[in-house]
Amino acid sequence: MSTDYATLVSAIILGSLAAGTVRTYNLVRKWTNVYTDAARTITEARGRAIEAIRGGNQPDPDDLQTVVDTLNVPRSLLLPTLRTNFLVMPWIGLCGILIIVQIDILKWMAVAKPAADPGLARLSFYVASAAVILLVAEGVIRAVAHAFTHAIETGKMLNSAKIEENRAWWDALSQHIQNDSSDNSPTNQPNL
């Protein structure tokens, strides 16, 4: 491994580490938001119920049901956190490996005349490559997943209309286009 290569791969690792750290932070924050939102919902409903009791009234059944629903439906808490855990674990692992390899490269560079270390060069190449591939792959996968989810939601919306409603919609659209094209004809345009 040369110092030029060590400098280059170190820059790639540090850039990937910065991106991975930000991604990890955002995913962990998203994960904790599920629980803090649930805790906030329960606390607010409990607070309103306690206020009602202090005022000599019965708690609002909606507040009680909110607490039951929040605690009794584990999938509302578990599903989003499982998905986030699935996404955050590779980043945590990769960031840990990036830090270890970066420290090894810095130790190698700290020696006045470092000996060739092909094992470290190969390891740093694989780790830097994996980091870049994960960065790109995650972006592509997220974009495709978003487009797929949007297509499914759009399909559900389009399929919710009855055949007669779809026919009436197409007729209205066709009429609108015909009216719009006749309104925009050159004879109907104002002179400027």
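Applied to the stretch 140-151, the Karplus parametrisation 6.51 cos²θ - 1.76 cosθ + 1.60 on θ = phi - 60° returns per-residue 3J(HN,Hα) values of 5, 5, 5, 5, 5, 4, 5, 5, 5, 4, 5, 5 Hz, with x for Gly and Pro. The magnitude of the dipole of the stretch 137-180, with charges of +1 and -1 set on the Cβ of Lys/Arg and Asp/Glu and taken from the Cα centre, is near 160 debye. In the chain, helical runs assigned H by DSSP with n ≥ 4 each contribute -39500 (n - 2.57); averaged across all residues and rounded to the nearest 500, the mean residue ellipticity at 222 nm is -31000 deg cm²/dmol. Put the Cα centre of the stretch 1-77 next to the Cα centre of the stretch 79-119 and the gap is 27 Å. Share of carbon and sulfur in the accessible area of the stretch 1-76 stands at 59%, probe radius 1.4 Å. Solvent-accessible surface of the chain, taken per residue with a 1.4 Å probe and all protein chains present: 72 Å². Roll a 1.4 angstrom probe over the protein heavy atoms and tell me the percent of accessible area of the stretch 82-192 that is carbon or sulfur. Answer for the stretch 82-192: carbon and sulfur cover 68 percent of the accessible area.
Quick one, which of [x] 79, 75, 38; [y] 50, 36, 28; [z] 45, 41, 33 is the actual Cα extents along the principal axes in Å calculated for this model? The value computed from this structure is option [x]. In the chain, the longest principal axis of the Cα atoms and the axis of helix 74-110 are about 30 degrees apart. The stretch between residue 58 and residue 174 holds 36.0 nm of extra length on full extension. This uses 0.36 nm per residue minus the Cα-Cα distance.
The values are calculated or read from the model by the stated rules, or taken from the named source; none is laboratory data. Predicted model, so just to flag it, every value in this text is computed and none were measured. FYI the Cβ positions are ideal-geometry reconstructions off the backbone, even for glycines, and counts take in every protein chain you see. Each accessible area value is taken on the protein alone, full model and side chains, heavy atoms only, with ligands, DNA and RNA left out. Shrake-Rupley method; radii C 1.70, N 1.55, O 1.52, S 1.80 Å.
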